[in-house]
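The values are calculated or read from the model by the stated rules, or taken from the named source; none is laboratory data. Since this is a predicted model, take the numbers as computed values, not measurements. So basically every Cβ, Gly included, is an ideal-geometry build from the backbone, and we count neighbours across all protein chains shown. Ligands, DNA and RNA are excluded from the accessible area calculation, which covers all protein heavy atoms including side chains. Shrake-Rupley method; radii C 1.70, N 1.55, O 1.52, S 1.80 Å.
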Amino acid sequence: MNIGPQNHRTSGFTLVELVVVIVIVGILVAVGGQLIVAPVTGYMDLTRRARLVDQADLALRRMQRDIRCALPNSIRIAGSGTALEFINTTDGGRYRRYLDSSGSGDTLNFSTADLSFDVLGSLTRVPGNGQYAVVYNISPTGMTGNAYGGDNRTSIGSDSTLTNIDIDPAFNFPLQSPYQRFFIVDQAISYVCQSGQLVRYDGYGIDSTQSTAPGGNVSLVSRNVTSCSFSYDPGTSQRAGLVTFKLTLSEAGESVSLIQQVHVVNTP
């Protein structure tokens, strides 16, 4: 048996085959990446837009809740529409103007300084220090009927009850309410757009209010604010006032704009 020389064949890739494989794999990765990146990018954009919408909606709802408690005719706009201010009410009712059938009762005297008056019905809570009684507020400015100026606003004493308001010191309200209404207020509240944020100021005295630069406690309402505007139509005797908010939020190229309108009672 003759054993001759044997041919040994070495298996492997040539350089050309390797380059072809690398090119094909690169093409597949690029195509697959595009197929994956587009849905992921779309999902992230959608999530960002939803977050901005929720953020703006929450801010508008918070402002709406506060404004519904505004003292009639106390809303004012400042800062070219970037600041909104109003006086917050905590309670209210009707004061006694006439004695009852038995000739008794503590009426509110408008001809001289009075120390107390009866509430027709009952308040929801007992007012006290740090709160004020307001009668017939007709304007956020002016010399008469302006709670900011204090001509129709007085401090409430510690002897007040659910059915009787103690005035301390004695005070003479300048104007009577046609419907015998009075309001209990405690502070002014401001919403201001500044430095890309919407902030809320509260806890400061009504006398020291400044719509564009208020003091007191500050809380962040919303970030990413690129523009906002407030406007107020005081209405007429036949219809309520109307506050309009416009808020635009932006983040990473995404932008959302929401508009909210709130009817406010303007009958003092």
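Annotations
- Per residue solvent-accessible surface (Å²) - the chain, probe of 1.4 Å: 56 Å²
- Fluctuation leader among 242, 46, 108 - the chain, Gaussian network, Cα springs under 10 angstrom: 46
- Of the chymotrypsin sites (Phe, Trp or Tyr not before Pro) found in the range 140-224, the ones in coil according to DSSP and having at most 16 other Cβ atoms within 10 Å of their Cβ are 179.
- Charge dipole of the range 130-260 about the Cα centre (unit charges at C-beta), most positive-ward option of 257, 140, 160: 257
- If the Kirkwood radius is taken over C-alpha pairs of the range 134-222, then at 10 °C and 1.306 mPa s the Stokes-Einstein diffusion coefficient equals 107 µm²/s.
- Ellipticity estimate at 222 nm from DSSP helix runs (n ≥ 4, -39,500 (n - 2.57)) divided over the chain, nearest 500: -7500 deg cm²/dmol
- Choice from 138, 165, 24 showing the highest fluctuation, given a GNM over the chain with Cα pairs closer than 10 Å: 24
- For the range 127-169, the convex hull drawn through the C-alpha positions has a volume of 68 cubic angstrom per residue.
- Karplus (6.51, -1.76, 1.60) ³J(HN,Hα), θ = phi - 60°, over the range 137-153, in Hz, Gly and Pro reported as x: 7, 10, 6, x, 9, x, 8, 10, x, 10, 5, 4, x, x, 6, 10, 9
- Residue by residue, the range 123-130 carries 3J(HN,Hα) couplings of 6, 7, 8, 7, x, x, 4, x Hz when phi is fed to the Karplus relation 6.51 cos²θ - 1.76 cosθ + 1.60 (θ = phi - 60°); x denotes Gly or Pro.
- GNM result for the chain, Cα springs below 10 Å: residue of 82, 112, 248 fluctuating most strongly: 112
- Positive minus negative residues near residue 45 (Lys, Arg vs Asp, Glu; Cβ under 14 Å): +1
- Placing +1 on the Cβ of every Lys and Arg and -1 on the Cβ of every Asp and Glu, with no other charges, gives the chain a dipole of roughly 840 debye about its Cα centre.
- Per-residue ³J(HN,Hα) for the range 85-94, Karplus 6.51 cos²θ - 1.76 cosθ + 1.60, θ = phi - 60°, Hz, x for Gly and Pro: 9, 7, 9, 7, 9, 10, 6, x, x, 10
- Using the Cβ-Cβ distance between residue 110 and residue 240 with R0 set to 22 Å, the FRET efficiency from 1/(1 + (r/R0)^6) comes to roughly 0.25.
- Relative contact order for the chain: 20 percent, from Cα pairs under 8 Å spaced at least 6 residues apart, divided by residue count.
- For residue 106, nonlocal amide neighbours, meaning residues 5 or more places apart or on other chains whose placed amide H falls under 5 Å from its own, are 118.
- Cysteines, the chain, no other Cys beta-carbon under 4.7 Å: 69
- Less than 5 angstrom separates the built amide H of residue 215 from those of 210, all sequence-distant by 5 or more or on a different chain.
- Computed across the range 58-208, the Kirkwood hydrodynamic radius from all distinct Cα-Cα pairs reaches 16.2 Å.
- Once backbone amide H atoms are built at 1.01 Å from N, residue 152 has 145, 146 as its partners under 5 Å, excluding neighbours fewer than 5 places away on the same chain.
- Three semi-axes describe the equivalent ellipsoid of the chain; taken as square roots of 5 times the Cα gyration tensor eigenvalues and ordered largest first, they are 72, 18, 15 Å.
- Pairwise FRET efficiency - residue 126 versus residue 195, Cβ, R0 = 45 Å, nearest 0.05: 0.65
- The mean sequence distance of close C-alpha pairs (under 8 Å, at least 6 residues apart), as a share of the length of the range 86-160, puts its relative contact order at 23 percent.
- Within the range 111-133: backbone nitrogen closer than 16 Å to the residue 100 label point (7 Å, Cα to C-beta): 117-123
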